[in-house]
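The values are calculated or read from the model by the stated rules, or taken from the named source; none is laboratory data. Model, not experiment: these values are computed from the prediction. We place every Cβ from the backbone using ideal geometry, glycine too, and count neighbours over all the protein chains shown.
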């Protein structure tokens, strides 16, 4: 016979096993009775189990669950009887539902089905993005033609949080980046006696590439993530549904002000990053080569044309819109639970940086091949 | 036998007291309803009783121990003997209903998974959510979420359950189901239940004893019959102005 649980004794009467339960059968102790009953279930010579609760103490849901499991485990051919139940224990057992059949596990999804699902999901997401872009342009046109208005003070507020609050970090990173480019440039160019060209190098790098790119990456981390988190939280909290139900366009109310602010903030921060980066390079050139600031600046102005400057600023507009649309689109696709907001935020950052680098590569290819 | 819950001179509020000098005792196996108008401090008082908001003054005795005098590590085992069903259900939205209900069992006990699953199945059946355990909270109606919250609050068979407006905003049929569940908690599982409610039908279906809060304190206490006979204005308005 199995070893009875402490406080429990087992009496055999032919094919019948009588388990005398003593003490409490509650959350903290139920597993002992569970072990005893499981051992009895495994014995083929036991056809009937009688659980005698005459000397038992308290019984809670864990105790009832153990008895229910034993009933299931004994199956149809063997029986389980309960005796010695007082009124309270009787009531506790009456609450327990009838045992159910084992649940059917869902059929495993194949790899091909997962790929198919992913493709369909991506297609739906791209359609929703296209719809968001269209709707944003439509609402922006309504605002521009004064057929609709933006929430009072919203654009100004976003310009401050997205732009003014980012000035220090963008400025610092650009200054350090300009210095780094100059350090590397001075070392390499000096090998060919061409150290004076460090101004050309820093100017072109900051204006055409690093100014827009550095600003976009900082904006993605600060602003894109914030947009996704804010809109995702609003979606989960049904605030976006509330706007729709009120007949207020969520795109006009939430997306257009953020995109408008980003349209100003992106290029403005980029412009600042370009010049602060050049200043960083200027400092290194002065310290390393003894080059005067005026000479350095003449090299920058002589080398960087208006078209270079236009390309840098043009890219900053595109990067700002990528950040804004990625954040808004993924935030508004958050569904149901808190984790989806975290997922939306992470994806907004990853997708934005990926798209920014791809677009930058396309810009570089076209302008280089086109000789611009 | 020590009362599961008692208060002595408790004042609750935020900047200044909403309720002052409250003495109250909850008996084993009774359903006590806290009544009062909006802003009368019922929910704040309930949170104080459950260890969530410290009182401005006075003491809360939970199972004979002065709750707020205890250090956190000694308070936790006491709090594991109570359950709290919040007004806003407070289910974890990233977990299925089953996982929400099983969470206290998995975190606080060493029960094997087979017993945990059986207990969750039984509790789902008890609150009328059989077959819905794999759904996410967002896939349930408001009434179903409240029932899931009650299931989670009661899964450890606590000696004391707090329920803040468990039937607010629900249709009468769903509300009656929740009332029935609270009565089962008392009758079959021997729990004491403290409910904050405005719903007269629910109050009549469940309450053993009620306490009416108004004017910063308790203005009436007793069985529903006793309260309905009261001439205290707040009590009279609560029972009779609504029925009119």
The residue from B:169, B:177 that alone is over 16 Å from the mean Cα position of the chain (by Cα) and at pLDDT below 90 is B:169
Checked against (1) within 14 Å of chain A (Cβ to nearest Cβ); (2) surrounded by 15 or more Cβ atoms within 10 Å (Cβ to Cβ); (3) within 18 Å of residue A:27 (Cα to Cα), residue B:106 satisfies every condition except (2)
Taking region A:144-155 and the residues there that are in a helix (DSSP H, G or I) and touching a residue at least 24 places away in the same chain (Cβ under 8 Å), the one that is nearest to residue A:270 (Cα to Cα) would be A:155
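If I go through region A:358-372 residue by residue, how many of them are in contact with a helix residue (DSSP H, G or I) (Cβ under 9 Å, 6 or more places away or on another chain) and surrounded by fewer than 13 Cβ atoms within 10 Å (Cβ to Cβ)?
1
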Per the filter on region B:130-154, residues closer than 23 Å to residue A:89 by Cβ and facing chain A (nearest Cβ under 7 Å) are B:130
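Which count do you get for residues in region B:41-77 that are under 17 Å from the mean Cα position of the chain (by Cα) and in a loop (DSSP other than H, G, I, E, B)? Steps first, please.
Filtering region B:41-77 for residues under 17 Å from the mean Cα position of the chain (by Cα) gives B:41-53, B:60-63.
Then drop every residue that is not in a loop (DSSP other than H, G, I, E, B), which leaves B:41, B:50-53, B:63.
Of the residues in that region, 6 qualify.
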Scanning region B:109-129 residue by residue, the ones that are at the interface with chain A (Cβ under 7 Å from one of its Cβ atoms), over 21 Å from residue B:79 (Cβ atoms), surrounded by fewer than 21 Cβ atoms within 10 Å (Cβ to Cβ) and at pLDDT below 90 total 0
For region A:208-249, the count of residues that are within 14 Å of another protein chain (Cβ to nearest Cβ) and free of Cβ contacts under 8 Å to residues at least 60 places away in the same chain equals 3
If we keep only residues of region A:40-74 that are within 49 Å of the chain's Cα centre (by Cα) and away from every other protein chain (no Cβ under 14 Å), then the residue farthest from residue B:117 (Cα to Cα) is A:42
The condition of being touching a strand residue (DSSP E or B) at 6+ places or on another chain (Cβ under 8 Å), assigned to a loop (DSSP other than H, G, I, E, B) and surrounded by 13 or more Cβ atoms within 10 Å (Cβ to Cβ) holds, among A:50, A:27, A:46, only for A:46
What about residue A:217, is it buried (at least 24 other Cβ atoms within 10 Å of the Cβ), closer than 24 Å to residue A:331 by Cβ and either modelled with pLDDT of 90 or more or touching a helix residue (DSSP H, G or I) at 6+ places or on another chain (Cβ under 6 Å) (or both)? no
Being free of Cβ contacts under 8 Å to residues at least 24 places away in the same chain and either more than 10 Å from chain A (Cβ to nearest Cβ) or closer than 28 Å to residue B:27 by Cβ (or both) narrows B:179, B:171, B:187 down to just B:187
| request: Say whether the condition of being in a helix (DSSP H, G or I) and more than 28 Å from the chain's Cα centre (by Cα) is met by at least one residue in region A:94-115. | output: yes
